[in-house]
1. Condition (residue is farther than 30 Å from residue B:93 by Cα, charged (D, E, K, R) and modelled with pLDDT of 95 or more) applied to the range A:82-97: is it met by at least one residue?
2. If a residue counts only when it is within 14 Å of chain A (Cβ to nearest Cβ), touching a residue at least 12 places away in the same chain (Cβ under 8 Å) and within 17 Å of residue B:32 (Cα to Cα), which helices (runs of 4 or more DSSP H) contained entirely in the range B:50-115 have at least 2 such residues?
3. Here is a list of conditions, (1) modelled with pLDDT of 95 or more; (2) more than 7 Å from ligand 1 (Cβ to nearest atom), and residue A:101 meets all of them except one; can you say which number that is?
4. Of everything in the range A:9-23, what is within 15 Å of residue A:54 (Cα to Cα) and crowded, with 18+ Cβ neighbours inside 10 Å? Give them in sequence order.
5. Looking at residue B:83, is it more than 24 Å from residue A:39 (Cα to Cα) and of a type in the set (Lys, Arg)?
6. Give me the residue from the range A:1-49 that is under 17 Å from residue B:26 (Cβ atoms) and away from chain B (no Cβ under 11 Å) and, out of that set, nearest to ligand 1 (Cβ to nearest atom).
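The values are calculated or read from the model by the stated rules, or taken from the named source; none is laboratory data. What you are looking at is a predicted structure, and each value in this text was computed from that prediction instead of being measured. Neighbour counts run over all protein chains shown; Cβ positions are idealised from the backbone, glycine included.
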Amino acid sequence: MNEMTVSFLSVSENEAFARTVIAAFIAPLDPTVTLLNEVKTAVSEAVTNAIVHGYENTQGMVTMHAILDGRKLTLSVSDVGCGIADIEQAMVPTYSSKPHEERSGIGFTVMQSFMDKLDVVSQPQKGTCVMMEKQL
Amino acid sequence: MRVRVEVKKRVLLATLMGELDHHAATQLRTRLDRELAKHKIKTLIVDLSQVGFMDSSGIGLLIGRYRQMQLSGGRMCIISASRTVDKMLTVSGIRKLVKVYRDPKIALEEGLANE
Ligand SMILES: Nc1ncnc2c1ncn2[C@@H]1O[C@H](COP(=O)(O)OP(=O)(O)OP(=O)(O)O)[C@@H](O)[C@H]1O
Ligand SMILES: [Mg+2]
């Protein structure tokens with residue numbers, strides 16, 4: 001059993017930082033390259049969403065929390081940004097509130113297909129928490 | 001992320017190296033668009049074979065350039081090699097829009113033949 005939390009400023013440089021942190025956290029399990037990349041991609045999607053949508057043109061802190069229980073990874077990425085008014089709509093593949101910024105609306109679809117489980121909790125003006133699970 | 005740009009006639013081969021995320025895509029977009037306009041490019045070839053990581057922001061960048069090439073009456077294709085990048089191309093559905101090659105040489109030859 002292991003657990004960790006990191007918080008970092010919502011700047012795009014920290015997308016790579018978050019991927020590196022989660023990779024290091026699960027490294028002792030020696031996951032396959034495929035599994036490792038799936039986890040890194042899911043984290044990258046959630047962190048990018050917090051930065052570009054959650055905090056939009058403002059800055060705030062993004063928190064990543066992870067628990068390893070045997071080979072089961074549970075992780076969450078949260079922000080205290082603008083929140084999501086309609087979660088159901090947000091999860092629809094190819095829906096994006098920012099298509100003009102060259103977003104294709106597939107972030108949640110990627111998280112869903114690369115992880116075993118995905119849960120989104122959000123409240124407008126309060127923030128968003130994305131929880132994911134994966135057996136490594 | 002690093003990028004190497006080679007222009008032959010009106011074919012542009014952009015070789016991307018490193019991790020293609022939102023941070024890299026923002027910088028790359030400006031660079032590519034400048035080169036596309038400067039050389040009045042007809043065929044854009046994006047070589048992803050040296051990209052070790054790509055997420056949906058990379059897909060957004062690719063689809064954005066594809067749309068742009070279409071608007072100017074040009075074409076675009078992708079070179080892919082790594083398993084990770086291949087998977088993102090599949091999940092995103094971009095394969096329906098953009099042709100994916102294995103070999104940059106063949107993509108380049110076809111691009112030049114289309115001049
Ligand atoms: N942390 C967040 N805070 C506020 N809104 C969010 C957050 N995460 C996602 N959203 C909303 O959900 C929508 C869908 O997210 P998703 O990641 O699937 O697509 P995208 O980010 O718009 O595009 P892509 O991920 O393909 O670049 C976003 O357009 C945004 O409106
Ligand atoms: Mg997204």
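1. No, because not a single residue in the range A:82-97 is farther than 30 Å from residue B:93 by Cα, charged (D, E, K, R) and modelled with pLDDT of 95 or more.
2. B:56-71
3. Of the numbered conditions (1) modelled with pLDDT of 95 or more; (2) more than 7 Å from ligand 1 (Cβ to nearest atom), the odd one out for residue A:101 is (1).
4. Correct list: A:10, A:12, A:14, A:15.
5. No.
6. Per the criteria, the residue is A:10.
Yes or no, residue by residue, for (1) within 14 Å of chain B (Cβ to nearest Cβ); (2) over 16 Å from residue A:53 (Cβ atoms):
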{"site": "A:65", "(1), (2)": "no, yes"}
{"site": "A:70", "(1), (2)": "no, yes"}
{"site": "A:80", "(1), (2)": "no, no"}
{"site": "A:86", "(1), (2)": "no, no"}
{"site": "A:104", "(1), (2)": "yes, no"}
{"site": "A:108", "(1), (2)": "yes, no"}
{"site": "A:135", "(1), (2)": "no, yes"}
